[in-house]
1. Ordered by packing density, taken as the mean number of other Cβ atoms within 10 Å over each peptide's residues, highest first, how do 61-73, 95-107, 133-145 rank?
2. Order the peptides 48-55, 33-40, 17-24, 6-13 from the highest to the lowest mean number of other Cβ atoms within 10 Å of their residues.
3. What is the chain's relative contact order, in percent, from Cα pairs under 8 angstrom and six or more apart in sequence?
4. Using a Förster distance of 45 Å, how high is the FRET efficiency between SER49 and MET189, based on the Cβ-Cβ distance and rounded to 0.05?
5. Pull out the extension gain between SER131 and LEU197, defined as 0.36 nm times the separation in residues minus the alpha carbon to alpha carbon distance; nm, one decimal.
6. With each pseudo-label sitting 7 Å past Cα toward Cβ, what's the LEU81-ASN154 distance in nm, one decimal?
7. Between VAL64 and LEU115, what length in nm is gained on full extension when 0.36 nm per residue of separation is reduced by their alpha carbon distance?
8. Using 1/(1 + (r/R0)^6) with R0 = 22 angstrom and r between the beta carbons of ILE31 and SER207, what's the FRET efficiency to the nearest 0.05?
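Any read-out appearing in this document is the output of simple, stated calculations on the displayed coordinates, not a laboratory observation. Keep in mind that what you see is a predicted model, and the values were worked out from it rather than measured. Ideal geometry is used to build each Cβ from the backbone, glycine not excepted, and the neighbour counts take in all protein chains shown.
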Amino acid sequence: MVPDAAWQLFWSSLWPLVSGAITGTIPLALISFALGLVLALFVALMRLSRNRVVSGIARGYISVIRGTPLLVQLFIIFYGLPSIGLTIDPWPSAIIAFSLNVGGYAAEVIRAAILSVHKGQWEAAYTIGMSRARALRRIILPQAARVSVPPLSNTFISLVKDTSLASVILVTEMFRVAQRIAAFSQEFMLIYIEAALIYWVICLALSSGQSALEKRLDRYVAH
């Protein structure tokens, strides 16, 4: 393709790709990450339980999620479940798969962050009459949040990129839009590089947000 035509295709494709990111990639990542974090907190607390059955269930869940590819998890939910009579639309399937995946990885991050808080913080909370649940909510989790921000932010950034896998189960997000444009124009290299640049810009913005959040949470750290 001649340079002028390449630039014309580049600029004409930019808004459809950005629109795909705004309406597909980013919402999919945000919803999945939010649900995954809630799940991860429960799983992390289960892992910390003194009850061996509860802890074992959490261990098993984490092992399965971390030991199997995300693409396989997507295929099981979207293509596998219909074989047992459970059919789920593409978007909910992607959200379920991504949330379960985030839950498995983030649970260990949150568990480690909670364990990193000095035991003296628990003792101080008990001394002033706090229950374990209140101490966890008011004292421990705010401090653990600061420790967990960098790895959780990395998990979210990875999730944004992993949303491209949703294209294989017919979810319309940025990469699927790129596939359609590339197939129509036959300019695969140009369009995929353009999509890669947009992913890169999104991840740069998220990294900047991560730094700001770390500074905000720094006041909760016990020195």
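1. 95-107, 133-145, 61-73
2. 33-40, 17-24, 6-13, 48-55
3. Relative CO of the chain lands at 28 percent.
4. FRET efficiency, SER49 to MET189: 0.30.
5. Full extension of this stretch gives 18.8 nm more.
6. The two pseudo-label positions are separated by 3.1 nm.
7. 16.1 nm
8. For R0 = 22 Å, the calculated efficiency reads 0.60.
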